[in-house]
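Below: one structure, written as structure tokens.
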Amino acid sequence: MRIAMIGTGYVGLVSGVCFSDFGHDVICVDKAEKKIEMLQAGQVPIYEPGLDVLMAKNVAAGRLSFTTDLAAAVDGADAVFIAVGTPTRRGDGHADLTYVMAAAQEIAQSVTDYTVIVTKSTVPVGTNRKVHEAVLEANADADFDVASNPEFLREGAAIDDFMRPDRVVVGVESDRAAEVMAEIYRPLYLRDFPILTTDLESAEMIKYAANAFLATKITFINEIAGLCERVGGDVKEVARGIGLDGRIGNKFLHAGPGYGGSCFPKDTAALARIGQEHAYPMQITETVMRVNDGVKHRMIEKIRDVCDDSFNGKTIAVLGVTFKPNTDDMRDAPSLTIVPALIGGGATVRVVDPQGRAEGLALLPGVEWCDDPYTATADADAVVLLTEWNEFRALNLSDMARSMKSPRMVDLRNIYSKSAARKSGFETYIGVGR
């Protein structure tokens, strides 16, 4: 199959590279000339483990290329995927469809033969029908179908998620479009991965419902963590106890400083907005959003307690600022709420993150960047574990404690235990929900 992928952001680039590894001919398109130049030079503009190797392999095989020329990429394509950004629109929380609709109109002017126009971006329910209308408006003679194919990629594990998915969701309205999509995903079908074919609206809703449910699960265990702190329970034991129930499962039950990233904040806000527009408020989702914001602020108070109720004049080391490990993504990361509060309170903040520095330089002004945890914690008043990178899971706590002015730890990911920290010389250890 010949595929054009419009957009080389996280979803578009990972999807395009993986489709080419299926054996398809893929052209990735982006208007950002510098990004395309980087890709043509073999440089990956995002951090995703294994993506650079897979990209180089398929470029060398002649199945993958990059261009700024959308018309050339779309001409003769069996399927054109729209994988552009849908950021939260300012003021109303809705997904901004400006880039999606602009791409649809431009695609319409370039299609020649029958083409399936596939929306890969996360879009509100009803968007694919609007894409269909936009294409017809721009080119009444276009021979095409529209399909919805939401992505379910976890940053840091995206390639494995694409190659071994829990499910592939495809929303279509014609057998012809279904056949094209089935051929595109044939390598997964042959290995018995579930491929769910639905109508357009159901496919759009599945994406939002899935992310809202996962965000709810995270927020629920964070609320339980807060109650555990009051009554004396250990949230890790509670999570294990409920996670062993097959109806609940153990994933997304890790208490921490609240969810962030590119999907959960944006998609919960969009789902809430969709409910409001259709006079059916998403009350659980709206509550999840509010509670998640409160969780982040509760973490600030934990750090303040360790710092004798004042950040002023304190030196605080923060380990990890990306929203999760194995990514350089800082969108809506808890660090963007917590770190500015420390600086605003008069603290000197030293930061270590294996991949967060590039984005963090602009997003976290006023911090001192360090190359390793031990440099960051030397003569510090407290250390905060904020992102659970593997690099932070086996620290020499004894050496760290000895180097600190006052060995105090706030472990917002429950990586260590109070007994281990105390044994290593930390005078204070505070976790979440313990």
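Work out from phi, with θ = phi - 60° and the Karplus expression 6.51 cos²θ - 1.76 cosθ + 1.60, the ³J(HN,Hα) of each residue of segment 75-81, listed in order in whole Hz, and give x for Gly and Pro.
Each residue of segment 75-81 in turn: 4, x, 6, 6, 9, 10, 9 Hz.
Going by average Cβ neighbours within 10 Å, how do the peptides 224-232, 383-391 rank, with the highest at the top?
Per-residue mean Cβ counts within 10 Å order the peptides as 383-391, 224-232.
Please state the Cα pair-distance histogram of segment 100-201 with 10 angstrom bins from zero: what percent is in each bin?
Bin by bin from 0 Å, the calculated values are 15, 44, 31, 10, 0.
In nm, to one decimal, how far is the residue 405 label point from the residue 378 one, both placed 7 Å along Cα→Cβ?
About 1.5 nm separates the two model spin labels.
Kirkwood hydrodynamic radius, computed over distinct alpha-carbon pairs, for segment 387-434: how many Å, to one decimal?
It works out to 10.8 Å.
How do the peptides 101-107, 255-261 rank, highest first, by the average count of neighbouring beta carbon atoms within 10 Å per residue?
255-261, 101-107
In deg cm²/dmol and to the nearest 500, what is the mean residue ellipticity at 222 nm of the chain if only DSSP H runs of at least 4 residues count, each as -39500 (n - 2.57), divided by the residue total?
Calculated from helices alone, the mean residue ellipticity at 222 nm is -13500 deg cm²/dmol.
Amide H neighbours of residue 5 under 5 Å, at least 5 residues apart or on other chains, H built in the peptide plane: list them.
27, 28, 29, 81
Pop a pseudo-label 7 angstrom from the Cα along the beta-carbon direction at both residue 244 and residue 182 and give the gap in nm to one decimal.
4.4 nm
Would you mind checking which residues have amide H under 5 Å from residue 432's amide H? H placed 1.01 Å from N; only 5 or more apart, or other chain.
414
Evaluate E = 1/(1 + (r/R0)^6) for residue 139 and residue 199, where r is the Cβ-Cβ distance and R0 equals 30 Å; express this FRET efficiency to the nearest 0.05.
The formula returns an efficiency of 0.80 here.
Would you work out the charge dipole size for the chain about its Cα centre, treating the Cβ of every Lys and Arg as +1 and the Cβ of every Asp and Glu as -1, and quote it to the nearest 20 debye?
1780 debye
What share of Cα pairs, in percent, lie more than 36 angstrom apart in the chain?
Everything past 36 Å amounts to 33 percent.
For residue 34 and residue 67, calculate 0.36 nm times their separation in residues minus their Cα-Cα distance, and state this gained length in nm to one decimal.
So the chain would gain 10.8 nm between residue 34 and residue 67.
Can I get the semi-axes of segment 368-412's equivalent ellipsoid? Compute them from the C-alpha gyration tensor as square roots of 5 times the eigenvalues, in angstrom, largest first.
15, 12, 11
Just to check I understand the Karplus step: with θ = phi - 60° and J = 6.51 cos²θ - 1.76 cosθ + 1.60, what whole-Hz values come out for segment 400-411, glycine and proline as x?
Calculated HN-Hα couplings, in order: 5, 4, 5, 7, 8, 5, 9, x, 10, 10, 10, 9 Hz.
Where does segment 330-387 land on Rg/Rh, using Cα atoms and the Kirkwood Rh?
Rg/Rh: 0.91.
Simple spin-label model, 7 Å along Cα-to-Cβ: residue 369 to residue 278 in nm?
Here the answer is 4.4 nm between the modelled labels.
With r as the distance between the Cβ atoms of residue 391 and residue 175 and R0 = 41 Å, compute the FRET efficiency 1/(1 + (r/R0)^6) and round to 0.05.
Plugging the Cβ-Cβ distance into 1/(1 + (r/R0)^6) gives 0.20.
In Å, the Kirkwood hydrodynamic radius of segment 183-304 over pairs of distinct alpha carbons?
16.5 Å
In sequence order, what are the phi-derived ³J(HN,Hα) couplings for segment 132-138 according to the Karplus relation 6.51 cos²θ - 1.76 cosθ + 1.60 with θ = phi - 60°, rounded to whole Hz, with x for glycine and proline?
4, 5, 5, 5, 4, 5, 7
Taken together, the values in this text are just the output of simple stated rules run on the coordinates, not laboratory data. Quick caveat: nothing in here was measured; it's all calculated off a predicted structure. Here Cβ is always computed from backbone atoms with ideal geometry, including for glycine, and neighbour counts include all displayed protein chains.
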